[in-house]
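Scroll down for the structure; my scribbles are underneath it.
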Amino acid sequence: MRILVIGSGGREHALVKGLASDPAVKEVHAAPGNPGMAAQATCHPEARDVANADAMVALAREISADLVVIGPEIPLVAGVSDAVREAGFAVFGPSKAAAQIEGSKAFAKDVMAAAGVATARAEQVLPDSTDDAVERALDNFGPMYVVKDDGLAGGKGVVVTADRAAARQHVFAVHAAGNPVLLESFLDGPEVSLFCLVDGETVVPLLPAQDHKRAYDNDEGPNTGGMGAYTPLPWLPEDGVQRIVDEVCVPVAKEMAARGVPYSGLLYAGLAWGAEGPAVVEFNCRFGDPETQPVLSMLKSPLGEALNAVATGKLAELPPLEWEDGYALTVVLAAEGYPDNPQKGATITSPDLDDPAKILHAGSALAEANTDGQFVANGGRVLSILGKGATLEDARAAAYEVIEGVEMPGSFYRKDIGLKAANGGISIP
Ligand code: GLY
């Protein structure tokens, strides 16, 4: 198989690495990709406008792709999968209509209500609302306020706070950007990210993971796209994954099929595990970043075969997925100023920069001139450092040993990824 992966982040590097290790995959291409994945894929840096359907179709034709895998939500919500499918290619990624499960929170809430899936109570507040209307809407929530940018914000548009003034300030900031706000009731309990391969009504879960969304240790600081993740979850009840599949993912897949909007691709259920079990915080229409990095590092089955089975409507025929024993963990190295104002250009040095078992590249680039392959920061989340081990503590130790060998002026990372779980400090309310 010749596979084109659309996207350029750490998630896409994990996909590229997994696909390149599948014996049935002869070539991996990435659009645009990033220079850190160049040993596993042919990158097409000119194809940087990943929401440009014509450009993605032209590239799929140029390389005679057997399968196109779409990583980020922006091209999916823009309908790139439909255009590439209509041009005759097998595509891993939902249609524009199905990608509304992430692109439109109102659509997602409607599907969940019809499917009987537990989720937060929500109210949309439009940008032209008066100050009084904003106050009345806030009155319906609290003492914890969950204020979300009701557009695509890559996880960064969410403020969770007990401070009403901070909640109000975020409402006005989102409105000032022209977007509606979604106020939600707070879901108590530890968070779970469960990725499922979905092909119509067939649902195959991957390993459950937990993201760390705040920028700093002890879950302090602003929300980010994700600063680290680990898998699997030692604190999750034994039947936890099956409950999420049965109570959340299968009912949603069935409801979408019944509406004539069947889902094909990766359905990411972001959940809180409360006293009653799982409740949905959000759905995403793609693999999550950075959870994909540790999750795929544990997959023993061929990734190309699995994604192709979804893309060709044959997921029900796929043999059960096999996973390594033990744990995997990723720690994100972020650029100075992330998430608000990440600084580009800092040089990155590490003995492991070319080893995708230890470092996956995200916002990195090659320095421009005469620098002999010198990598520099080119985005907020620059590298995803991986560690694996028989225990979660071993996986943490492996990842932190690698990250301590990375030098990048101004960079920072969380020191407590997976720590609470490793210490037995996560419990269900
Ligand atoms: N890890 C959060 C996200 O991918 O949206």
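The values are calculated or read from the model by the stated rules, or taken from the named source; none is laboratory data. Just so you know, these numbers come straight off a predicted model, no measurement behind them. Note: ideal-geometry Cβ built from the backbone for every residue, glycine included; neighbour counts use all protein chains shown. Side chains are part of the model used for accessible areas, which takes the heavy atoms of the whole protein and leaves out ligands, DNA and RNA. Shrake-Rupley method; radii C 1.70, N 1.55, O 1.52, S 1.80 Å.
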Exercise for review: Please identify the pairs in which a residue from segment 409-429 that is in a loop (DSSP other than H, G, I, E, B) has its Cβ atom under 9 Å from the Cβ atom of a residue that is of a type in the set (S, T, N, Q) and crowded, with 16+ Cβ neighbours inside 10 Å, counting only partners at least 6 apart or on another chain.
Suggested key: 417/330; 418/210; 426/210
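Table: residues versus (1) within 16 Å of the ligand (Cβ to nearest atom); (2) of a type in the set (A, V, I, L, M); (3) over 19 Å from the mean Cα position of the chain (by Cα).
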{"position": "20", "(1), (2), (3)": "no, yes, yes"}
{"position": "25", "(1), (2), (3)": "no, yes, yes"}
{"position": "43", "(1), (2), (3)": "no, no, yes"}
{"position": "46", "(1), (2), (3)": "no, no, yes"}
{"position": "65", "(1), (2), (3)": "no, yes, yes"}
{"position": "70", "(1), (2), (3)": "yes, yes, no"}
{"position": "76", "(1), (2), (3)": "yes, yes, no"}
{"position": "82", "(1), (2), (3)": "no, no, yes"}
Practice item. Among what's in segment 138-160 and is crowded, with 18+ Cβ neighbours inside 10 Å and over 30 Å from residue 76 (Cα atoms), pick the residue that is farthest from the ligand (Cβ to nearest atom). Key: 138
Review point. Do any helices (runs of 4 or more DSSP H) lying entirely in segment 235-341 carry at least 2 residues that are open to solvent by less than 40 Å² (accessible area, probe 1.4 Å), touching a residue at least 12 places away in the same chain (Cβ under 8 Å) and over 19 Å from residue 212 (Cα atoms), and which ones are they?
Key: 240-244, 250-258, 303-311
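Take residue 229 and tell me if it is buried (at least 24 other Cβ atoms within 10 Å of the Cβ), of a type outside the set (D, E, K, R) and closer than 28 Å to residue 100 by Cβ. Write out each step before concluding.
Working: buried (at least 24 other Cβ atoms within 10 Å of the Cβ): yes; of a type outside the set (D, E, K, R): yes; closer than 28 Å to residue 100 by Cβ: yes.
Here the answer is yes, as residue 229 does meet what is asked.
Scan segment 389-408 residue by residue and report those that are under 16 Å from residue 351 (Cα atoms) and either small (Gly, Ala, Ser) or not in a helix (DSSP H, G or I) (or both).
Scanning segment 389-408 gives 398, 399, 405, 406, 407, 408.
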Point to revise | Candidate set: segment 262-321, residues that are within 19 Å of residue 23 (Cβ to Cβ) and within 16 Å of the chain's Cα centre (by Cα); chosen: the one farthest from the ligand (Cβ to nearest atom) | key: 297
Review point. Residue check, residue 354 against (1) within 16 Å of the ligand (Cβ to nearest atom); (2) outside any strand (DSSP E or B); (3) among the acidic types (Asp, Glu), all met but one. Which one?
Key: (1)
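Could you go through segment 177-199 and let me know if any residue there is over 23 Å from the mean Cα position of the chain (by Cα) and either assigned to a strand (DSSP E or B) or closer than 22 Å to residue 74 by Cβ (or both). Explain how you work it out, then say what you get.
Filtering segment 177-199 down to residues over 23 Å from the mean Cα position of the chain (by Cα) leaves 177-178.
Remaining after also requiring either assigned to a strand (DSSP E or B) or closer than 22 Å to residue 74 by Cβ (or both): 177-178.
Checked segment 177-199: at least one residue is over 23 Å from the mean Cα position of the chain (by Cα) and either assigned to a strand (DSSP E or B) or closer than 22 Å to residue 74 by Cβ (or both).
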Study note, to complete from the structure: Of those in segment 192-226 that are away from the ligand (no atom under 16 Å from the Cβ) and within 18 Å of residue 399 (Cβ to Cβ), the residue most open to solvent (accessible area, probe 1.4 Å) is 216
Practice item. With the checklist (1) of a type in the set (S, T, N, Q); (2) farther than 20 Å from residue 290 by Cα; (3) touching a helix residue (DSSP H, G or I) at 6+ places or on another chain (Cβ under 7 Å) in hand, flag the one item residue 364 doesn't pass. Key: (2)
Point to revise | Conditions (1) modelled with pLDDT of 95 or more; (2) of a type outside the set (Val, Ile, Thr); (3) part of a loop (DSSP other than H, G, I, E, B); (4) on the phi < 0 side of the Ramachandran plot: number failed by residue 386 | key: (3)
Practice item. Might you check whether a residue that is without any contact (Cβ under 8 Å) to a residue 24 or more places away in the chain, among the aliphatic types (A, V, I, L, M) and in contact with a strand residue (DSSP E or B) (Cβ under 8 Å, 6 or more places away or on another chain) occurs anywhere in segment 146-162? Key: yes
Point to revise | Considering residues of segment 161-191 that are open to solvent by 20 Å² or more (accessible area, probe 1.4 Å) and touching an Asp or Glu at 6+ places or on another chain (Cβ under 6 Å) only, the residue farthest from the ligand (Cβ to nearest atom) | key: 180
Study note, to complete from the structure: Residue hits (segment 97-116; in a loop (DSSP other than H, G, I, E, B) and open to solvent by 40 Å² or more (accessible area, probe 1.4 Å)) are 97, 116
